[in-house]
Structure formats: C-alpha cells, structure tokens
Amino acid sequence: MKTSKITLLLAVLFLFTSCASRPKLYPNNTLKTKGKVASEADIDQCIKDAETYLDSSEGKKIAKSAGFGAMVGGAMGAVAGAFTGDIGGGLAQGAAIGGAGGAVSGSLSPDEIKRRYVNQCLADKGYHVIGWD
C-alpha cells in the first residue's frame, strides 16, 4: 500500500504544478503599448474567465476519470492478486493506483483546454502567446 500512497502524492504534486503556469507574451505592439502592468492584468482576467467558463465541467471530468481509473485499476489488481494469492490486496492496490492515474489523466485535458482558452482570449486582445512557464 506504500506504493499507492507515493503514486497518489506524485499525482497531486503534478496536478498542482501543472496548474501554476502562466502565458509568456511576445513583445509585439500591443504589449509595448499597454505595458507590463496592464498586460499582466489582461492575463489575470483571461485566466479568471477561463476558470469561470470551464469550472462547471472540470471537476466532473476529473472525478469521472478518477472513478473509471479506480475501476480499471481494481480489476487489474484483482487479476494480479489471483496469481499471487492475495486478491483483496491486489484489488486495493490496483484501485488506488488506477484512481490516481485516472485523476491525473483527467486533469490534463481541462488544463490544456484552459490554456487554449487563455491563448485565444489574449489573442483577441491583440497579444501573441509564445509559450507557458
């Protein structure tokens, strides 16, 4: 069970670090004209808008994906446990690992959608996003 705790911890850390990034802007005329303070405010507003727009479905997708991952992982763990003679232990470990993996994979898609939303929002304001850090 120690392995599943480590896997879950890594999944949570990955989730938090993947959400903490911000767009980097190309220094075009819009950025030069508006300046750093106004540009940062525009970035913040686009991020806020993305979170508001995507919030309703994001949590549901993560929970659904985690539940599916736990179900698949549990089934795989039970099969592995049948070979080792510990079906219950294999089931528990498989469900924990599958749930963590499902939660992480479910969180990647909404994060990518959020980035695309922010990129488009900033493009609509005249900025050019060159990457995220």
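When ranked by the protection proxy of mean other Cβ atoms within 10 Å per residue, highest first, what sequence do the peptides 29-42, 118-131 form?
Per-residue mean Cβ counts within 10 Å order the peptides as 118-131, 29-42.
A cut-off of 5 Å between modelled amide H atoms, ignoring neighbours fewer than 5 places along the same chain, links L25 with I130.
A short reminder: the numbers here are calculations on the coordinates, not readings from a lab. The shown structure was predicted, so the numbers you read here are calculated from the model rather than taken from an experiment. Cβ atoms come from the backbone with ideal geometry, glycine included; neighbour counts cover every protein chain shown.
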